[in-house]
Amino acid sequence: MKKLLTWALLLALTTAMPAQKQKRHRRAAGTADKLSAYLMVYHKDQDHGLHAALSRDGYTWTALNGDKPIVGGDSIAVQRGIRDPHVFRGPDGAFYVAMTDLHVFGQRDGKRSTEWERDGKKYGWGNNRGLVLMKSRDLIHWTHTRIDFSALPDQEDMKWSEVGCVWAPETIFDEESGQLMIHFTIRQGTGMNKIYYAYVNGDFTQLTSQPRLLAEAPGSKFNIIDSNIIRVGDTYHLFYVSHEGTATPKHATAQCITGPYRFDELYQDGERQGHEAPSCWKRLDSDTYVVMFDNYRRRPMNFGFVETRDFFTYHPIGYFDEKDAPMRRTNFSEQKHGSVTYLTEEEARRLEEYWN
């Protein structure tokens with residue numbers, strides 16, 4: 001236990017976000033108040049910052065701050081850029097955002113003199129060492145922490161000093177243990193990408209457990225990345241991206257949040273181009289679930305959507321702003337790797353008033 005506390009303290013560097021209109025805000029409304037709006041977070045390759053958009057109906061979305069970052073990646077990340085943001089509304093009413101600490105165009109944008117932070121031959125494409133975690137009660141004032149996975153003590157299945165990447169973190173609440181859990185993509189050096197998980201303290205400032213393997217490809221013969229977990233009834237649904245061939249979202253289920261997960265071929269979205277970052281969310285006051293994905297091969301890049309009610313059959317509903325498709329953007333484009341959570345009307349209005 002003493003060893004665990006020692007490395008946990010070394011991992012976290014926690015700072016308060018630069019104050020904008022610093023004043024006391026009352027606690028964000030809890031889920032006992034009616035949730036009636038949606039918040040989407042995403043990043044953009046142009047600036048590697050945290051962006052956000054609001055929707056009242058889950059179909060038409062408007063970016064906050066005129067689609068400029070609501071938090072600059074250069075102010076919170078070691079690599080001066082973030083990717084793959086995931087937003088989670090915790091059972092305590094607070095909001096948790098987990099992000100990849102990575103700038104894939106760091107050299108282009110003058111953030112570093114080399115293509116990657118470390119040797120690309122040794123650590124691979126997009127190599128990085130850690131994540132950025134943020135917590136807020138009002139979605140305006142944040143604390144943030146940088147987690148350096150290369151500082152972890154080595155495990156039997158992972159030499160953390162040689163970690164090649166830590167990507168696409170997502171937060172979920174483990175009801176059995178009563179703890180926040182993050183899961184993310186990991187590889188050692190240039191090895192195969194796998195999905196790991198770890199528990200986090202309530203302040204969202206440090207890991208409280210060693211990362212453990214959550215899922216890997218059969219025989220670890222190909223990469224799997226971009227995990228997304230949603231609980232429906234007594235079943236945990238894991239969406240992830242398989243690189244067995246073209247990058248394609250896949251599906252698995254388990255009765256326990258940490259697995260074992262049973263892989264299947266049920267999820268079909270009809271998309272033939274490589275696509276990634278599946279994110280499943282439920283439409284409010286409905287029994288319909290949406291799987292949103294990022295088609296990075298489209299020009300311009302865009303999100304695609306499918307709907308399901310049973311997780312056996314999936315109905316594609318098109319892309320943002322596509323003819324005859326119901327999903328619309330009012331003031332943004334070329335968003336990347338998004339996720340969605342829910343807001344009360346009061347919370348949505350507060351964000352609009354602050355940013356617009």
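The values are calculated or read from the model by the stated rules, or taken from the named source; none is laboratory data. Computed from a prediction, not measured in an experiment: that's the story for all the values here. Don't worry about glycine lacking a Cβ; one is built from the backbone with ideal geometry, like all the others, and counts go over all protein chains shown.
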Checking the structure you have, find out if any residue of the stretch 340-354 is within 19 Å of the chain's Cα centre (by Cα) and of a type outside the set (A, V, I, L, M, F, W, C).
yes
Of these, GLU265, GLU346, which one is touching a residue at least 24 places away in the same chain (Cβ under 8 Å), over 15 Å from TYR42 (Cα atoms) and not β-branched (Val, Ile, Thr)?
GLU346
Taking the stretch 111-125 as the region of interest, how many residues are in contact with a helix residue (DSSP H, G or I) (Cβ under 9 Å, 6 or more places away or on another chain), surrounded by 12 or more Cβ atoms within 10 Å (Cβ to Cβ) and assigned to a loop (DSSP other than H, G, I, E, B)?
3
Filter the stretch 339-354 for residues that are out of contact with any Ser or Thr (no Cβ under 9 Å at 6 or more places or on another chain) and of a type in the set (Ser, Thr, Tyr); which is surrounded by the most Cβ atoms within 10 Å (Cβ to Cβ)?
THR341
Residue that is nearest to GLY259 (Cα to Cα) [pool: residues in the stretch 192-224 that are surrounded by 16 or more Cβ atoms within 10 Å (Cβ to Cβ) and among the small types (Gly, Ala, Ser)]:
ALA215
So, in the stretch 139-155, exactly how many residues are part of a loop (DSSP other than H, G, I, E, B) and under 18 Å from THR171 (Cβ atoms)?
2
Free of Cβ contacts under 8 Å to residues at least 24 places away in the same chain and on the phi > 0 side of the Ramachandran plot: does that describe GLY124?
no
When you go through (1) out of contact with any Ser or Thr (no Cβ under 6 Å at 6 or more places or on another chain); (2) aromatic (Phe, Trp, Tyr); (3) more than 21 Å from PHE184 (Cα to Cα) one by one for TYR296, which number turns out not to apply?
(3)
Residue that is modelled with pLDDT under 95, hydrophobic (A, V, I, L, M, F, W, C) and surrounded by 21 or more Cβ atoms within 10 Å (Cβ to Cβ), where the choices are ALA98, ALA28, ALA53, ALA32:
ALA28
